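**Q** Pasting a structure below so you can have a look.
The values are calculated or read from the model by the stated rules, or taken from the named source; none is laboratory data. Everything quoted here is computed from the prediction, not taken from an experiment. Reconstructed Cβ throughout: ideal geometry from the backbone, glycine too, with neighbour counts over all protein chains shown.
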Amino acid sequence: MKILLVEDEPALRSTLVEALRQGGYVVEVAADFRQAQERIKLYRYDCVLLDLTLPDGNGLDLLRTLKADNSLAGVLVISARDSLDDRVVGLDLGADDYLVKPFHISELNARLRAIIRRRRFQGQNHLIFRDLVVWPEQAEVLVHGEQLTLTRKEYDLLLYLLANPGRVLTKEAIAEHLCGDSVDAADSFDFIYTHLKNLRKKLQEKGAENYIRTMYGVGYKLSAE
Amino acid sequence: MKLLAATNRYYVLLSAGLFAVGSLVLYIGTDYAVRNEVGEQLHNHRLEVEARVASGRPLPEPLYRGQYSTSLRPRSLGFSDTVLLDPTEGSLVPHRQLTFRMVRPGQPPVWITLRKSLVEVDELLMAVVSSMLLVLGLLLGGVVWLHRYLSGRLWAPFQRTLATLRTYDLQQHQPLALPASRIEEFTELNQALTHLSSRLVADYENLREFTANAAHETQTPLAIMQAQLEQLLQLPALADDAAAAPLLADLYGATRRLSRLHQALGLLSRIENGQFTQAVPLDLASLLAEKAEQLAPLLEARGLALHLDLAPAPLRRLHPGLADSLLHNLLHNAIRHNVPGGDVAVRLTATALAVSNPGPVVSGDPSRFFERFRKHNAASESPGLGLSIVQHICAYYGFGLSYDFAPAGARHTLRVSFEPGAEG
């Protein structure tokens, strides 16, 4: 899966590139508007991560270019401008999703996966992780072929973990993913714990291995080994 | 005390002093003039009498004893004052008298006294004082009337300026536009105020821009910090030191708090800047249900029951982001300041939204709950901006916002009335 990252801030760019490569993506970068325009004209991408504030142009114009070219690439807008109007404009112009800086990389991963999944398979695909099979469109989870009944939040949590295999997920990231990013993580650590406990229990009852690891003082991780 | 009343007081004091002095001068002056005139008349009468005797005619018979008397015995000569009893009035009347000696041929000398009554002292005083009082009264009445007229007319520009100042709101980013006045002082005052307000507006504008820029510029380093910390947490080397990962996680949490704080401040400054002009019709009932669903894990974790009483309300034209923030902060506040096993009651009617929850009695002035960085508990991790955001959003849309505490059941209620004017 090939991704174009349009981001002018070098430190953030390199960190994101590293994280995305760890996630198994092929990543190309553009540091400014001109470079980005060149690349989207020349190459095909599965998804473009688009920063709106670029030194030599507005990211929204790149979005317009992509749409004018009938590009198949998904577009995830990332911007420091958390002006809600930008979000609306971005989505109106055909962006698939919008992330406000600063964001959790794990959240970026989850959004990215969802976009690519929708674009590539029109939803008709499934995720396989060890003895788990998840059909996101039907919100169906199978363990060893057996259906697993989860609450909405448990399901969201599982999907979030599956979007970030092998990554340490902080409590903040999980809380904000489940309750919206305006929720203060400090308020919500106990409910994360409860939901995780329930999820683990249900998985174990169906004979799944315990691959959700607790990282003491940090968060949780879906262990790939 | 009003300026005019204070001025009037001095006018009255001055007038009273002038009145006393004036009365004295008038009295002395009148008295002197009367005396002088009477003396002249007496002198003329003497000449008349002397001429009559010189022509050989006898002395006239006195018509009134008080005015003319003769005596063969010597009397002291010249002008003098005396007091005679007026038999008809029964009062003593002051008289001026002139006594002279007359020598007639072949007869013994005779002393003649001519008298003329002077004005009675009390009558004179009465006349003087009453006329002065009349003048004083007219003067004071005139002053009062003049001042009333002046305050109504001359001071009108001042009153207008005052009224404009009272309703002046810096948030509207407009300097005062005070008109020039016919009165120089008021024109100067208005100019000074207009100047002051334009400086205020400029300073406020600067501050606003500064806040907005500062907020924007902080976002990028925060994003870098957060991303890199998250990447650091992924390092396998962290497993070697049990203390390292929690340390990083704390740092990560702190970064998150910082960016949350900064987002809240940014939101506040953008509301103040009026940057949320876009509005779409929103169904608050479904938004509330959505929010409640989103916050369900929080409620659950704290064992709080949620009572939603959502009457079908008309669509309201709001900015979607602000509406979301308003509902979120109201609900979150009710969850945060709750008691274990408590509840959150949300009641939406056509005109108002009320969110209530039981909670410990809060000391302090309720109006201060809406201040920025106001914390119920100083150790709380929340920066205390939630209610301030609620207040700003309400002010932005002209909604009424009130806080109420019912001691029965210790319930706190925050109420947003969408049409505060219509409800009275």
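**Q** Return the residue satisfying two criteria in turn: it lies in the range B:297-332 and is in contact with a strand residue (DSSP E or B) (Cβ under 8 Å, 6 or more places away or on another chain) and among the small types (G, A, S), and of such residues it is nearest to the other protein chains (Cβ to nearest Cβ).
**A** The residue in question is B:A323.
**Q** Which residue is surrounded by the most Cβ atoms within 10 Å (Cβ to Cβ), if the candidates are limited to the range B:104-118 and must be in contact with a strand residue (DSSP E or B) (Cβ under 8 Å, 6 or more places away or on another chain) and assigned to a loop (DSSP other than H, G, I, E, B)?
**A** My answer is B:L118.
**Q** Determine whether the range B:173-182 contains at least one residue that is among the basic types (K, R) and over 29 Å from A:I78 (Cα atoms).
**A** yes
**Q** Looking at (1) more than 9 Å from chain A (Cβ to nearest Cβ); (2) within 57 Å of the chain's Cα centre (by Cα), which is the one condition that is false for B:A244?
**A** Evaluating B:A244 over (1) more than 9 Å from chain A (Cβ to nearest Cβ); (2) within 57 Å of the chain's Cα centre (by Cα) leaves (2) as the failure.
**Q** Would a scan of the range B:195-213 turn up a residue that is among the basic types (K, R), assigned to a helix (DSSP H, G or I) and facing chain A (nearest Cβ under 9 Å)?
**A** There is no residue in the range B:195-213 that is among the basic types (K, R), assigned to a helix (DSSP H, G or I) and facing chain A (nearest Cβ under 9 Å).
**Q** Restricting to the range B:322-355, count the residues that are under 20 Å from B:Q294 (Cβ atoms) and among the polar types (S, T, N, Q).
**A** 4
**Q** So B:L118 ticks every box in (1) within 53 Å of the chain's Cα centre (by Cα); (2) farther than 30 Å from B:T7 by Cα but one. Which box is left unticked?
**A** Tallying (1) within 53 Å of the chain's Cα centre (by Cα); (2) farther than 30 Å from B:T7 by Cα, B:L118 fails exactly one: (1).
**Q** Which of the numbered conditions does A:R200 fail, given that it passes all the others? Conditions: (1) at pLDDT below 85; (2) farther than 22 Å from B:S259 by Cβ; (3) not aliphatic (A, V, I, L, M).
**A** (1)
**Q** So for the range B:277-288 (the condition being surrounded by fewer than 16 Cβ atoms within 10 Å (Cβ to Cβ), touching a helix residue (DSSP H, G or I) at 6+ places or on another chain (Cβ under 9 Å) and more than 30 Å from B:T218 (Cα to Cα)), does at least one residue qualify?
**A** Yes, the range B:277-288 has at least one match.
**Q** Is it fair to say B:A5 is under 30 Å from B:G137 (Cα atoms), within 60 Å of the chain's Cα centre (by Cα) and either modelled with pLDDT of 80 or more or not in a helix (DSSP H, G or I) (or both)?
**A** no
**Q** Quick one: in the range A:123-154, of everything that is under 22 Å from the mean Cα position of the chain (by Cα), among the charged types (D, E, K, R) and away from chain B (no Cβ under 14 Å), which residue is nearest to A:H195 (Cα to Cα)?
**A** Looking at the filtered set, the residue picked out is A:E140.
**Q** When the residues of the range B:64-96 are narrowed to those that are among the basic types (K, R) and either more than 14 Å from B:R35 (Cβ to Cβ) or free of Cβ contacts under 8 Å to residues at least 24 places away in the same chain (or both), which ends up surrounded by the most Cβ atoms within 10 Å (Cβ to Cβ)?
**A** Step by step, filter the range B:64-96, then rank; the result is B:R75.
**Q** Which of the numbered conditions does B:L47 fail, given that it passes all the others? Conditions: (1) exposed (fewer than 11 other Cβ atoms within 10 Å of the Cβ); (2) among the aliphatic types (A, V, I, L, M); (3) in a loop (DSSP other than H, G, I, E, B).
**A** All conditions are met except number (3).
**Q** Then there is this: Looking at B:A237, B:A296, B:A249 in this structure, which one is over 23 Å from B:H337 (Cα atoms), surrounded by fewer than 19 Cβ atoms within 10 Å (Cβ to Cβ) and hydrophobic (A, V, I, L, M, F, W, C)?
**A** B:A237
**Q** Please name all residue pairs, on different chains or six or more residues apart, with Cβ atoms under 6 Å, provided the first residue is in the range B:222-247 and is among the polar types (S, T, N, Q) and the second residue is part of a helix (DSSP H, G or I).
**A** Filtered contacts from the range B:222-247: B:Q226/B:T255; B:Q228/A:T15; B:Q231/A:T15; B:Q231/A:A19.
**Q** Can you list residue pairs whose Cβ atoms sit under 8 Å apart, with the first residue in the range B:394-408 being loosely packed, with under 13 Cβ neighbours inside 10 Å and the second being at pLDDT below 85 and among the aliphatic types (A, V, I, L, M)? Count only pairs 6 or more apart in sequence or on different chains.
**A** Listed pairs, sorted by first residue: B:P407/B:V361.
**Q** Could you tell me whether the range A:16-35 includes any residue that is surrounded by 14 or more Cβ atoms within 10 Å (Cβ to Cβ), within 21 Å of A:D92 (Cα to Cα) and free of Cβ contacts under 8 Å to residues at least 40 places away in the same chain?
**A** Looking through the range A:16-35, at least one residue is surrounded by 14 or more Cβ atoms within 10 Å (Cβ to Cβ), within 21 Å of A:D92 (Cα to Cα) and free of Cβ contacts under 8 Å to residues at least 40 places away in the same chain.
**Q** When you scan the range B:313-334, do you find a residue that is more than 26 Å from A:L91 (Cβ to Cβ), at pLDDT 85 or above, buried (at least 18 other Cβ atoms within 10 Å of the Cβ) and aliphatic (A, V, I, L, M), even just one?
**A** Yes, the conditions are met somewhere in the range B:313-334.
**Q** Among the candidates B:L124, B:L146, which residue alone is assigned to a helix (DSSP H, G or I) and within 20 Å of B:Y11 (Cβ to Cβ)?
**A** B:L146
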